[in-house]
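Please read the structure below before turning to the comments.
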Amino acid sequence: MSTIESPRPAVILREAAKPRPRWQVILVRPETVTFLLLIIATIVATRLSPFFADLGFILESSTYYVEFAIVALVLTIVIISGEIDLSPAAQMALSACLFGTAYRAGAPIPVAILVSLVSGLAMGAFNAFFITVLRLPSIIVTIGTLILYRGLAQVLAGDKSIGSFPGWFVGIDYRMIGIVPVPVMIFIIASVLLGLFLGITILGRQIYQIGTSEVAAIHAGIRVRRIKFGLFLASGLTSSIAGLLTASRLGSVRYDLASGGELTMVLIVMLGGTYIFGGRGSILGTFLAAWLLVIIATGMTVANIAINAQLTVMGLLLIVSIIATNAIYARSQR
Amino acid sequence: MLRKKLMLAAVLGASLFAGAAYAADPVSIVYIPKNTGNPYFDSIIKGFEDGCKTLGCEFTTVAPASAEATSQIPFLTAQIQRGVNVVAISPNSPDALNQVFDRARSKGTIILSVNSDMPGNEDHRDAAILPVDFTKTGPSQVELLGKQIGYEGEIAILSATTDAPDQNVWIAAMKDTLEKDPKYAKMKLVTIAYGDDDPQKSTTETEALLANYPNLKGIISPTTVGVAAAAQVVETAKKADKIKVVGLGTPNQMRRFIENGTVEAFQLWSPYNEGLLAAHFAVGVKNGTIKNEPGTTFEVPGLGKVTVGEKSVIKTQADLTTFDKKNIADFNF
Amino acid sequence: MSSIARLLRAREAGILVMLVLFALVVGLIQPRFLTAETLRIVLLAVPLIMVAAMGQMMVLVARHVDLSIGSILGFSAIAAGMIFRDHPDWPLFIGFGVALLSGALLGLFNGLVVTLFKLPSIIVTLGTLSLYRGLLFILSGSKQIDPNDIPEPLIKMAQTSPIDIPWIVIIAFGVALATHVFLTYSQIGRQIYAIGSNPAAAPLRGIRVMPVTILVFTLSGALAGLAGIIYAARFGYVNPGITGVGFEFTVIAAVVIGGVSINGGVGSVAGTVLGVLFLGAVQVALPILGVSGFWQNAIYGGIILIALVIDRTVRQGGLRGLLARGGA
């Protein structure tokens, strides 16, 4: 007994020898970096173009990214659990095309919406089957389903856009709650709910544990596979909701809806400081990062900065943000 | 007397001030092509630039990286926020932009659809500037090919996507011409292939045409990516003497094939003139000198008299321009 | 063990069977598919994929992935095209050199970021996919390289050679052969497999993981660059917004079909070549069968998933064994 315990005080002593100052513990967090970047980006964007500093305009522009941001919230949880999902943008397209096809075939809008939501769940379950039952790596499975889902959307809708939805369905981005467009409000509410879920529920804590060490989580009796299955279902369902929001905003759907969105979603999650290897991250970070992206993208567009510079900046941001996040976590771990 | 002088001075001053304000506040036009890096739209941009140089309007152009349906929307919103007077756009979708167009127009922005229209959604834009009389594209392409193959034999069409609206209008007209005009009775349309305006897919589709129809005499490809791919395949297969390729292409894209004899002739119009015309029309409508309604006519230097047609559609030229060995050296776009 | 399972275990044989079966089925429906002409078309369609697939294969064997090759291909093609356009009097090999070198540099950057900061390659290359596309727009000024500007000898390389098989086909198979020799007979080649099969143990065996990994990414970039110049030869022009877009998925599909394991350490040149040929055959078969091109992506996606399942099944001794293991 004593022989086992004897080295312990030494270890504690060594750890205690260099306690990190409390301000560092609180401030040196990825979310802080995101928040600082958000402030800097806002100042720069205001300087770049006199047309930028207009809350109504920023909120209107944010509706173009908020659909991705809503999915990014769920993606954050998926990544915290140690997996990844690259297929949500394709799921948005396929579920939206199914919605459009059902409507065109004569189904009333509520039924078409149901079709779309069920398809989202089905696609999520399909991903989950490969990942949790066949135990294939999520990275490559979701690259495969990304191509498959978008391909199916293309088979279903061809190159045609399906539209002429009834007036009440179209234009959700222009329905306001106060001055906030409905999709943005959905994003804010979802952020609060998922933030609470992840932060204070037992299930939320278990997800962090799974991401930190899956083996330990299994030994602790956490139902790892069931939880992961649920997360991919949630990802599919959220994607189909985001697809419907997009369909309503555009008033029409096409197979190339949200194409390239996977990059934007991953970018938002990474910018928010979620650790790519799982176990760490927060909804708050993703929430802030979504606004950071809105400010940067809108700021550059309204300043007439060419798209080539925008692609370059987005790519660099993604790389720099993971390097920064990694560095911060490496510090706080030791 | 003094009073009169003062008043005169005030009036002069006011008119001077007004003049200065007018000069400092020219019509601002922005053009949003389908995507960046597309040489076809570079010619339209050149037309806008030259038009604005003479008219004194302010011109800018912004473009998304890819031509998917929604990629133009953030750019459009940003331009409305910048308060531009006229947005000229080559829409990537006939309907996905409707809501944004409506918002722009409610704020007084003039929306011009350039190079293609939005069939069925015409009331969401102010006017459309088309490159040519689209009813002539089909028959004129059939004639161009017929002439080369002695009006006899199997022919095929290589189009863009199955649902490309312009191409489908032209193909319908081609079919109609082949059926109804006895001159083309011996020309048989065997199939329509779709290359999705992707070089790789257009290439494999053309190769499949050659493999599936050994007696093929000619290919019509009414899309710039398709016609270049078709020509390249025919050249690679060394079948230029057996299979004639015609279509719609840009001179720079096709020059090689004309010079080495793979392609005898192809057609297009002038995207440059389209830009020029659009600039004149935009400034005229904004300043109130041109009425945007069917039947209005106005003058564009170098293009002559232009008439606004039904549904505010304006055609830049009546007939297609044919490019061949004799004239291709005169064009650079 | 059943004979089918044993056959599948020899990965290359399995893919070969798939390829032959596919050709026979398509040939039954449309006899025109089984002709020398079709073979010619397939052989012309594959060099682009094959060259890049060799690089991607090495990256996967080292337990990484490179999603940026489409943008690297575009960048190198534009860089070489600009040399051709602005200096028409320079010899052809300078264009080749520029394409290879620019590809290698972009690959090197991937490798450095991945190894120096110990980051997952999939996210890094997702970032550089966008970054390099942006850079190539800046480099080209968003201007296309027109067919006029591509030198005639380069285009001829996609059409002919002294032995009547187009040069690009010879180059593609040459690269495959060289890759095979490199992986099988060189020490570094064997080390790539060792790193992929057990990254933790590799340093203990005296392998310098970092330089080897960087080399693998650099090679992948250089080969994507070579694919860029093959693109210019085959299609006769280079467009900044089109060239190479979505290419990474085609290549990954080919490599995964070829039996290269995404868990690293497993994969062969022969398998990859067969995977590339299989994909080329699908690409050519669709229009010959009259199937809409819209199906292509769905089929690619489906094939990747099926290949993954086969890979998993074979390694775990059948589906039953796989399902029985399910704990947790």
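The values are calculated or read from the model by the stated rules, or taken from the named source; none is laboratory data. A quick note: this is a predicted structure, and the numbers were derived from the prediction, not measured. All Cβ positions, even for glycine, are placed from backbone atoms using ideal geometry, and neighbour counts span all protein chains on display.
Quick notes on this one:
- Test: residue in the stretch A:125-136 that is in a helix (DSSP H, G or I), closer than 23 Å to A:ARG254 by Cβ, at pLDDT 90 or above and over 19 Å from the mean Cα position of the chain (by Cα): yes
- Strands (runs of 3 or more DSSP E) fully within the stretch B:255-330 that include at least 2 residues being touching a strand residue (DSSP E or B) at 6+ places or on another chain (Cβ under 6 Å) and more than 29 Å from C:ASP149 (Cβ to Cβ): B:297-300, B:304-307, B:313-317.
- Residue among A:ILE162, A:ILE210 that is of a type in the set (A, V, I, L, M), touching a strand residue (DSSP E or B) at 6+ places or on another chain (Cβ under 6 Å), surrounded by 19 or more Cβ atoms within 10 Å (Cβ to Cβ) and in contact (Cβ under 8 Å) with a residue 40 or more places away in the chain: A:ILE162
One line per residue, one yes/no per condition, for (1) buried (at least 21 other Cβ atoms within 10 Å of the Cβ); (2) away from chain B (no Cβ under 14 Å):
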position	(1), (2)
A:SER235	yes, yes
A:SER252	yes, no
A:LEU267	yes, yes
A:MET270	yes, yes
A:GLY279	no, yes
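- For C:LEU48, the conditions (1) closer than 25 Å to B:VAL233 by Cα; (2) crowded, with 20+ Cβ neighbours inside 10 Å; (3) more than 17 Å from the chain's Cα centre (by Cα) all hold with the exception of (3).
Residue-wise test of (1) assigned to a helix (DSSP H, G or I); (2) surrounded by fewer than 24 Cβ atoms within 10 Å (Cβ to Cβ); (3) of a type in the set (Phe, Trp, Tyr); (4) in contact (Cβ under 8 Å) with a residue 40 or more places away in the chain.
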| site | (1), (2), (3), (4) |
| --- | --- |
| C:VAL256 | yes, no, no, yes |
| C:SER261 | no, yes, no, yes |
| C:GLY267 | no, no, no, yes |
| C:SER292 | no, yes, no, no |
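- Some residue of the stretch C:127-140 being surrounded by fewer than 23 Cβ atoms within 10 Å (Cβ to Cβ) and more than 10 Å from every other protein chain (Cβ to nearest Cβ): no
- For C:SER161, the criteria (1) modelled with pLDDT under 95; (2) part of a helix (DSSP H, G or I) hold in every case but one, which is (2).
- Only one of the listed residues (C:GLY259, C:GLY221, C:GLY271) is modelled with pLDDT under 90 and within 15 Å of C:MET54 (Cβ to Cβ). That residue is C:GLY259.
- Residues of the stretch B:154-163 that turn out to be under 14 Å from B:GLY218 (Cα atoms) and either surrounded by fewer than 19 Cβ atoms within 10 Å (Cβ to Cβ) or without any contact (Cβ under 8 Å) to a residue 60 or more places away in the chain (or both), as a count: 1
- Members of the stretch C:235-249 that are buried (at least 24 other Cβ atoms within 10 Å of the Cβ) and part of a helix (DSSP H, G or I): C:PHE235, C:GLU248
- Selected residue (criterion: farthest from C:ALA23 (Cα to Cα)) from residues of the stretch C:287-328 that are at pLDDT 85 or above and more than 12 Å from chain A (Cβ to nearest Cβ): C:PRO287
- Residues that are among the polar types (S, T, N, Q) and surrounded by 20 or more Cβ atoms within 10 Å (Cβ to Cβ), drawn from the stretch A:91-114: A:GLN91, A:SER95
- Residues of the stretch A:33-90 that turn out to be within 11 Å of chain B (Cβ to nearest Cβ), of a type in the set (Gly, Ala, Ser) and crowded, with 24+ Cβ neighbours inside 10 Å, as a count: 1
- Boolean, C:VAL65 is under 29 Å from C:VAL266 (Cα atoms) and not in a helix (DSSP H, G or I): yes
- Test: residue in the stretch B:117-128 that is basic (Lys, Arg), in contact with a Phe, Trp or Tyr (Cβ under 9 Å, 6 or more places away or on another chain) and surrounded by fewer than 21 Cβ atoms within 10 Å (Cβ to Cβ): no
- Taking the criterion of being out of contact with any Leu (no Cβ under 6 Å at 6 or more places or on another chain) and surrounded by 20 or more Cβ atoms within 10 Å (Cβ to Cβ), the residues of the stretch C:300-316 that qualify are C:TYR300, C:ILE303, C:ILE304, C:LEU305, C:ALA307, C:ASP311.
- Summed over the stretch C:233-271, residues that are among the small types (Gly, Ala, Ser), more than 11 Å from every other protein chain (Cβ to nearest Cβ) and on the phi < 0 side of the Ramachandran plot total 5.
- For the stretch B:252-308, residues that are among the acidic types (Asp, Glu) and closer than 24 Å to B:PHE323 by Cα total 3.
A quick yes/no check of all residues on (1) out of contact with any strand residue (DSSP E or B) (no Cβ under 7 Å at 6 or more places or on another chain); (2) modelled with pLDDT of 90 or more; (3) loosely packed, with under 15 Cβ neighbours inside 10 Å:
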residue: C:ILE4; (1), (2), (3): yes, no, yes
residue: C:LEU7; (1), (2), (3): yes, no, yes
residue: C:ALA10; (1), (2), (3): yes, no, yes
residue: C:ILE15; (1), (2), (3): yes, no, no
residue: C:VAL26; (1), (2), (3): yes, yes, no
residue: C:PRO31; (1), (2), (3): yes, no, yes
residue: C:THR38; (1), (2), (3): yes, no, no
residue: C:VAL42; (1), (2), (3): yes, yes, no
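- For the stretch A:311-334, filtering for residues that are more than 7 Å from chain C (Cβ to nearest Cβ) and out of contact with any Phe, Trp or Tyr (no Cβ under 7 Å at 6 or more places or on another chain) leaves 12.
- Which listed residue is closer than 19 Å to C:ALA176 by Cα and in contact (Cβ under 8 Å) with a residue 60 or more places away in the chain, from C:GLN56, C:GLN30: C:GLN56
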